[in-house]
Every structure is written in C-alpha cells, then in structure tokens.
Amino acid sequence: MAAALQGVVSFAALAFAVISMLAVGLGHDWREIVDPLRQWRKVLRALAVNFILVPLLAYIVVQIFPLEPAHAIGLFLIAAAAGAPFLIKLTEAADSDVALSATLLLVLLPATIVYMPIVVPLELPDAGVSAFSISSPLVLTMLLPLGIGLVMRARAPQLAQRVQPLMGTLSTVSLIVLVAATILANLPGILAILRTAAILAAFILIGGAFAIGYGLGGPQRSSREVLGLGTAQRNIAAATVVATQAVGHPDTVAMVVVSSLAGFAILFPVAGMLRKRRQG
C-alpha cells in the first residue's frame, strides 16, 4: 500500500509540474513572460529575497527552536529551493498576474539549479548530491513544458487556445490527487512532526517568506502579490530530490512534506484574501 501511494505521489507531482507549466505557455505570448526579465533591479531583488533572506530566516528559526537534526536539515532544504509550479495555481487563485508569476519561475528555477548544488554540499558535506540530480528534473518537468507551450502558442494559436482550458483543469485534478496521496503516504512521519516544534518552525518559515516577498515586492500590487506568493511557495520538488537522494533520512523527507503542507495551509487562504481584496 505504501509503495502504491508513493507511486501515485511521484506520478501526480510529475503530472502537475508538466501540465501546469504547459498550460502557462499555451495561455501566454512569450513576450509577456520574457519582457519583465529586462527589469534587472526586480530580478536581483527576487534573487536576493529567495536565496539570501529566506535561507537566513531558516537559520534564525533553527537557532530559536530545538529541532532534531534531520528536521533542521529538511527546513534548510526547503529554504534553499525556490521556483515551484504551484505558484501558477496560487496566482490564479489570487486573481493576480499569471504571466508575471511565470516570469518569476524563469528567474528562480535556473537559479535554484545553480544554487542548491553549491550550498547543499557546504551545509551537508557528506551528502554527495550531484548538480545533475537536482537540475535534470527541474529542466525536464518545468522549463521544457513551458517552452513547448510558448512555441505552440506562437505557431498554432488556435490549437493552443482550445487545449489550454483542458490543461488548466487537468492541473487542478493532479494537484488534488497529489495533496491527498502525499498526506496518506507520509502520515506516520507527519503525525510525529506535529507533536514537535518542527511544525511551528515550518509555519514561521512559510509565513515569514511571504511577508518578506510581499514587503519587498515594490510599489505595484501585482508584483507584491506575485513575489510574496512566489517566495513563500518553495520548490518542494527540488527539496525532495535532495532529501531522498542525498540525505536519505525519513525524518528529513517528512519535514519537507510537512513544510509543503504548511505552505498549502497558509498560501491558498492568503490567495483567497488577495482575490477578495482585488475584487472588492
């Protein structure tokens, strides 16, 4: 049963990442996504927020709370990994700028691919994780589908327009399956963490990351919303790769899972509040 659930989790995670990024590409002209990259000050701000301030916040949280070493490592991995496809769904839920969120992913995903192979060996010298084991899943499941969608949008706009709503529906279904299967597959480890300070540390990291991103998002509401959501929604896929392949401790994997669930618990209600404020 456990092996079957893990298989469902792996398939749902792959399906959600690929379909979500494909849907974004199908729904937007490539200029909408690429043009904001020319605003280098905003790009540098997003990088600094995600790869300096959030890891610093994780370090402070670990110093304050007496976490088990495996849980502290899991929290660090979450803090070091940015750029998740869940951001697209969160931005849609907030009725904010989806194209801008895709732009942010284009900034954060390659940076994560470079950043984690550098910082993880420094923090975990015995991990032995390779850059390829981190970068290849991110490129194949996120950047490549986005590129395919953008090409289809440019070459066959009518086909892209017909297919995009279906991809949006499938991404929602795969997200629901992923959340449910993840909880069931990791229930013992999750329940154990819920009895420790680690769960509070996860909530503080996610909530603090949103506050940092939103506060430093600039004067425009959409940019504050997107950077806030994009900073708080860490890249669970990248963190899981390192937790399973490099660390291998079940408590570290469970901490990554709990942190991802904490992100769902915080960010979807936040996105709903942002939508209501925008519509009000």
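The values are calculated or read from the model by the stated rules, or taken from the named source; none is laboratory data. Everything numeric in this text was worked out from a predicted model, so none of it was measured. Neighbour counts are summed over all protein chains in view; Cβ atoms, including those assigned to glycine, are modelled from backbone coordinates with ideal geometry. Surface accessibility is based on the protein's heavy atoms, side chains included, excluding ligands, DNA and RNA. Shrake-Rupley method; radii C 1.70, N 1.55, O 1.52, S 1.80 Å.
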Exercise for review: Note the full-extension length gain between PHE11 and ALA265 as 0.36 nm times their separation in residues minus their Cα-Cα distance, in nm to one decimal.
Suggested key: 89.2 nm
Check your understanding: To the nearest 10 square angstrom, what accessible area does LEU122 show with a 1.4 Å probe?
Key -> 140 Å²
**Study point:** Euclidean distance between Cα centres, the stretch 258-275 to the stretch 181-219, Å
**Key:** 10 Å
Review point. With the other protein chains left in place, how much accessible area per residue, in square angstrom, belongs to the chain at a 1.4 angstrom probe?
Key: 45 Å²
**Study point:** Signed unit charges on C-beta, dipole axis of the stretch 18-107, positive-most listed residue GLN63, ILE88, TRP40
**Key:** TRP40
**Study point:** Full-stretch length increase - VAL179, ASP35 - with 0.36 nm per residue and alpha-carbon distance subtracted
**Key:** 48.5 nm
Point to revise | Burial order of peptide ranges 5-15, 157-167 (average beta-carbon count within 10 Å, highest first) | key: 5-15, 157-167
Practice item. Would you kindly state how much longer the chain becomes between MET1 and VAL119 on full extension, computed as 0.36 nm times their sequence separation minus their alpha carbon distance, in nm to one decimal? Key: 38.9 nm
Exercise for review: In Å³ and rounded to a whole number, note down the convex hull volume per residue for the Cα atoms of the stretch 164-236.
Suggested key: 101 Å³
Study note, to complete from the structure: Heavy-atom accessible area of the stretch 209-254 with neighbours in place, 1.4 angstrom probe: carbon+sulfur share in percent works out to 59 percent
Check your understanding: Based on the mean of other beta carbon atoms within 10 Å per residue, what is the order of 188-194, 107-113, most packed first?
Key -> 107-113, 188-194
Point to revise | Whole-number percent relative contact order across the stretch 15-88, with pairs defined as alpha carbons under 8 Å at least 6 apart | key: 49 percent
Practice item. Kindly state, to the nearest 0.05, the FRET efficiency for ARG275 paired with ILE52, given R0 = 35 Å and r defined as their beta-carbon distance. Key: 0.70
Check your understanding: Once the whole set of protein chains is in place, how much accessible area is left on GLU123, using a 1.4 Å probe, in Å² to the nearest 10?
Key -> 110 Å²
Review point. Mean projection of the alpha-carbon convex hull of the chain over all orientations, in nm²?
Key: 14.2 nm²
Check your understanding: Over all Cα pairs of the stretch 130-253, how is the pair count split among 10 Å bins, expressed in % and running from 0 up to the last occupied bin?
Key -> 10, 25, 37, 22, 5, 0
Review point. To the nearest 20 debye, what charge dipole does the chain have about its Cα centre, counting +1 at the Cβ of each Lys and Arg and -1 at the Cβ of each Asp and Glu?
Key: 840 debye
